[in-house]
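Notes for the one structure printed next.
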């Protein structure tokens, strides 16, 4: 069977497609800059003329009183006042007829973000304009204005950054779309035809392939299907033969991507939104800020233990589709919320339904995964979710900046419905069961399957990796980064871009990490390395702080988290499968998810208290320390269990 | 070849949406920048115009006593052809001087009150559908409001500029899109050549198989080389096809 049919075809195309998108954006951006500069020139000209006229009037008045140009007092201060009124002027110089400088004023402040523009705009010569000063029809001096060539491009900075975000979002969307199209046109038809052929070559004529499922190979599909139809007609049965049951991971990619984008649309501003919404007296601003985050985690923690039961009862497709309208309603609820309590309630409700939908998709991913490719299956699944989170956060920041936070939630609800429509079409109703990997085990464990939770390696994994990483994500990324940046005066769109870096790292590094985990490197080095990188990055905030340091730390934390994310699930599955009791995998995964959420909740609650007492930077550094401790735990337990394993092997004489 | 078109449509659609959003945001931003610049300029003009009237107010005299007020106002108005009118109004809110012959038709009663409430530094800044309205108040040394200056500036030229910019941006985006589609088509044909080849190979193998039927000949005409790629091969396809056909015929001819 072809593995992941969409993947093969799409990878080659997607780079080129993304390239065309990026190039077209850059070219248009460059052209736009020039169009803007030309278009705004007349107005800038008028302003320069006005400056000339105004200054000239003042100076002529003084000259009328007989004061010579060189000794007019206070002109410097007056010129500085002119600079205040006209932002595009960098320098005004008053020259006497001989060319000597009588007075000058230069702008001191640097416009932040001007450095970004140097890459996009040409550095033109600073334009200067000369305005003669007349007194009673005699030329007495000259006013020279130097204007800022980056005036227009600096003002466009917000547009450029917003377009950057839209561009990145579109590249990811394009990626998913291309995977979908190529899977539908190439991968799935090939796979279906071959599967049916193999079935029929083995004598099984129970299935058909409907023509639309076969793409350009429908002639072949029709003939193969007709064999089955003919045989069933001859046997006297005139049933509608079932289509070949085929489920692929690619089926859930696009709907899950859109769904994740929609639900994460508030990533950049949720704590700020709920903090500003206020609430009853006892709700301090900090508590109000974390209320929806805590509600989210509580809801997911509540669902986690039941996930294995739910997944066994309801098939993924139905579960996903049921969640859609409910999610949309809850998002509208959050958008309408005018108190932090209401917002927390609706956000928690959304989290509940979100958990159901993502559990459905994760189950789908695991069941359609090929043998020995667990980390890659979960990795692909996380890639889609994180890609969506990335797009949603960045997009949400831009939208909230322009149309307001409440409206952004409504757009999110609309996207959720779109995800549902796509999902209804693409997700298959029936999938096969997961193939269990049988591994050789050293000792026969006894007891109920839940005992897996007491396995030493499992506990080390939880304490060393899952707990610190999740606390880091919930406290640092969801809560402290927006709040700390906002306290520094950064606007929502920029906060969105910083948080976006975290998800971007996961999107970029995820597939490679998953391959390394399944392949040569293995789970443990990645886990230990990842938690160490995250720990060092967060701890470094003791030494430096500010916009760019936080952005860099967010990126590094993203890298570290990626190295741990899918890998920890894969490692949990491996630990569980080394235990022969049935059902351990489900219990291990549910346990992992539950403890993660509980840890995140505890971390958030603790952080509110800590932030009030020791400040943002120290709290973040504390989390970093926790991570480094986790790394040490992992290393120690690994050494101990390897030693135990060796002594067991020696004892049993293998 | 259909796959090339389908992907091209996907790329084109996303490209189009992105460029459309870009042109929209850029145009809105340009509008905001231009409006801001114009209003700043008008504030400076208003500040200039109020100087002689402020001098009069400092003496405690009512503004209506400025004799060549009309000339002062006209002088300022002629600096920029877009200025529709400049009005000076007195303490009670009635217009005392104006460049317009029918001032009552253009002045809104709420402006004086707004002007006073905003304070000296802030001034009045209103944007209506067709005009920018910028004002500065004139106060006596005792901080009493003596009156104010209001400049009414037509938006038509600004609007034209914004539309022109939007058109330029749109045209540029359209050209870029067309160029990229053309380039993308070429690149996709190369990138997808293996897919096209594999599909072609499979369909060719199928055609050979069918040919055997309508020629009623069971001789293998395997003149073509087997094609493989994307994890499948046409020879596997061929053998599976023949195997399954044999099984089908067996089942079909089985006596009941």
Query raised in the report: Would segment A:93-109 turn up any residue that is modelled with pLDDT under 80 and in a helix (DSSP H, G or I)?
Result: no
Query raised in the report: Residues in segment B:64-104 that are in a loop (DSSP other than H, G, I, E, B), in contact with a strand residue (DSSP E or B) (Cβ under 7 Å, 6 or more places away or on another chain) and either farther than 13 Å from residue B:146 by Cβ or without any contact (Cβ under 8 Å) to a residue 24 or more places away in the chain (or both): how many?
Result: 3
Requested in this report: Can you confirm whether segment A:277-300 contains a residue that is surrounded by fewer than 19 Cβ atoms within 10 Å (Cβ to Cβ), within 17 Å of residue A:404 (Cα to Cα) and under 24 Å from the mean Cα position of the chain (by Cα)?
Outcome: no
Report task. Identify the residue in segment A:224-246 that is more than 8 Å from chain B (Cβ to nearest Cβ) and surrounded by 14 or more Cβ atoms within 10 Å (Cβ to Cβ) and, among all such residues, is nearest to the chain's Cα centre (by Cα). Result -> A:246
Requested in this report: Mind telling me which of the residues B:61, B:28 ends up being more than 16 Å from residue A:86 (Cβ to Cβ), within 14 Å of chain A (Cβ to nearest Cβ), surrounded by 13 or more Cβ atoms within 10 Å (Cβ to Cβ) and free of Cβ contacts under 8 Å to residues at least 12 places away in the same chain?
Outcome: B:28
Query raised in the report: Is there a residue in segment A:38-53 that is facing chain B (nearest Cβ under 7 Å) and modelled with pLDDT under 75?
Result: no
Requested in this report: Please indicate, with yes or no, whether at least one residue in segment B:182-191 is touching a residue at least 60 places away in the same chain (Cβ under 8 Å) and at the interface with another protein chain (Cβ under 8 Å from one of its Cβ atoms).
Outcome: yes
Report summary line: Condition set surrounded by fewer than 13 Cβ atoms within 10 Å (Cβ to Cβ) and more than 20 Å from residue B:155 (Cα to Cα), scope segment B:76-109, selection modelled with the lowest pLDDT: answer is B:109
Query - Residue within segment B:31-52 that is within 8 Å of another protein chain (Cβ to nearest Cβ), over 25 Å from residue B:131 (Cα atoms), under 31 Å from the mean Cα position of the chain (by Cα) and part of a helix (DSSP H, G or I) present - result: no
Query raised in the report: Identify, please: which residue in segment A:157-210 is in contact with a strand residue (DSSP E or B) (Cβ under 8 Å, 6 or more places away or on another chain) and at the interface with another protein chain (Cβ under 8 Å from one of its Cβ atoms) and is, among those, nearest to residue B:32 (Cα to Cα)?
Result: A:190
Query raised in the report: If only one of B:163, B:240, B:181 is crowded, with 16+ Cβ neighbours inside 10 Å and within 48 Å of the chain's Cα centre (by Cα), which one is it?
Result: B:181
Report summary line: Taking segment B:129-164 and keeping only residues that are outside any strand (DSSP E or B), closer than 22 Å to residue B:65 by Cβ and touching a residue at least 60 places away in the same chain (Cβ under 8 Å), one is left with B:140, B:141
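The values are calculated or read from the model by the stated rules, or taken from the named source; none is laboratory data. Fair warning: this is a prediction, and the values are worked out from it, not measured in the lab. Because the Cβ atoms are built from the backbone with ideal geometry, glycine has one as well, and the counts that use them run over all protein chains shown.
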